[in-house]
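Step one of this worksheet: look at the structure below.
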Amino acid sequence: MAEPFSWVPAGINTDVPSAARVYDFLLGGGHNFASDRMVGEKVLQVLRDGRAIASSNRSFMRRAVLLMMEQGITQFLDLGSGIPTVGNVHEIVQAENPDARVVYVDYDEVAVSHSQLILEGNDNAGVVQADMCRPDDVLADPAVKALIDFSQPVGLLMVAVLHFVSDAKGPAEVVARYRDAMPAGSLIALSHLTADFKPDEMGAVVEAMKHSRDPMYFRSRAEFEPMFAGMEILQPGVVPAPSWHPELGPAGEGGPEDVYVGIGRKS
């Protein structure tokens, strides 16, 4: 039985959980359904610090954006952006530079619908409903072409999304196609959940997500690092999230080490 929320786009089957809404649940958001909360609770039963891991991913996104701004980036493309929550990319960058431009991309209808509501009246931000695994479609979208100037460096974000890309879809190849489309000087931020530290618990998370719309594929550092091929990896390299520029976050932020992160520069 579908939940009768007025903010749910027409035609959405709320009985089918999605990664964006499970992530929203783990972050403490309110734009998720019973099916998403059921999966989220299963995750928390087998991974007690699941909320902290989600928060760690979110914190890396914020620190990555701050570093990109320090490097002079003023336009951002956020792939797999998810449900809008406090501390979105446009909130971070436009607080410092109201003219900075941001495009969000997600294929989840609820994520896109809420992004549209939040961005109403913001001429320097937009949202695209698309599958990020189809780069040609994303890059050709009118909203992307209107807001992103590909003659200037771009801040590309693929945070907490690559672990939903199966080997069959070729996550490294997807990253490479975006990298090749970016102008020189662009910065590409990637994060990826791993089972390197908690293999049993993460295996149970994979099982919990298996029947959702977005099954998960955790990868080792050795599998993740090659996704930065063709880029200069900025210091401190590919590391667990708490070790990546902690000086850009609140004092004592810390967090679990189950997320590998890094930023590459397109030369």
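Miscellaneous remarks
To keep it simple, each residue is scored yes or no on (1) surrounded by 12 or more Cβ atoms within 10 Å (Cβ to Cβ); (2) under 12 Å from residue 208 (Cβ atoms); (3) in contact with a Lys or Arg (Cβ under 8 Å, 6 or more places away or on another chain); (4) at pLDDT below 80.
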residue: 6; (1), (2), (3), (4): no, no, no, yes
residue: 12; (1), (2), (3), (4): yes, no, no, yes
residue: 25; (1), (2), (3), (4): yes, no, yes, no
residue: 39; (1), (2), (3), (4): yes, yes, no, no
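- Of the residues 21, 51, 62, the single one that is under 16 Å from the mean Cα position of the chain (by Cα), more than 20 Å from residue 244 (Cβ to Cβ), at pLDDT below 95 and outside any loop (DSSP other than H, G, I, E, B) is 21.
- For segment 196-215, the count of residues that are outside any loop (DSSP other than H, G, I, E, B) and farther than 16 Å from residue 50 by Cα is zero.
- Test result for residue 177, among the basic types (Lys, Arg), over 19 Å from residue 67 (Cα atoms) and modelled with pLDDT of 95 or more: yes
- Evaluating residue 133 against the criteria (1) touching a helix residue (DSSP H, G or I) at 6+ places or on another chain (Cβ under 6 Å); (2) surrounded by fewer than 21 Cβ atoms within 10 Å (Cβ to Cβ); (3) farther than 22 Å from residue 187 by Cβ leaves one unmet condition, (3).
- A single entry from 203, 237 fulfils the requirement of being small (Gly, Ala, Ser) and more than 23 Å from residue 18 (Cβ to Cβ): 237.
- Any pair with Cβ under 7 angstrom, 6 or more apart, that starts in segment 15-36 at a residue that is farther than 14 Å from residue 58 by Cα and ends at one that is modelled with pLDDT of 85 or more and polar (S, T, N, Q): 15/35; 16/35; 17/35
- For segment 148-166, the set of residues classified as surrounded by fewer than 19 Cβ atoms within 10 Å (Cβ to Cβ) and either modelled with pLDDT under 95 or not acidic (Asp, Glu) (or both) consists of 150, 151, 152, 166, listed by residue number.
- Checking each residue in segment 148-181 for being more than 12 Å from residue 217 (Cβ to Cβ), more than 18 Å from the chain's Cα centre (by Cα) and not β-branched (Val, Ile, Thr) picks out 149, 150, 151, 152, 153, 180, 181.
- Residues in segment 185-195 that are touching a strand residue (DSSP E or B) at 6+ places or on another chain (Cβ under 6 Å) and outside any strand (DSSP E or B): 186, 194.
- Within segment 223-237, residues that are over 19 Å from residue 184 (Cα atoms) sit with their Cβ atoms under 8 Å from residues that are in a loop (DSSP other than H, G, I, E, B), at 6+ positions apart or across chains, in these pairs: 224/194; 224/238; 225/238; 236/244; 236/245.
- For segment 194-233, filtered to residues that are under 14 Å from residue 257 (Cα atoms) and small (Gly, Ala, Ser), the residue that is surrounded by the most Cβ atoms within 10 Å (Cβ to Cβ) is 195.
- Candidates 110, 175: the one that is in contact with a Pro (Cβ under 7 Å, 6 or more places away or on another chain), surrounded by 23 or more Cβ atoms within 10 Å (Cβ to Cβ) and not in a loop (DSSP other than H, G, I, E, B) is 110.
The values are calculated or read from the model by the stated rules, or taken from the named source; none is laboratory data. As the structure is a prediction and not an experimental result, all values here were calculated from the model. Neighbour counts are summed over all protein chains in view; Cβ atoms, including those assigned to glycine, are modelled from backbone coordinates with ideal geometry.
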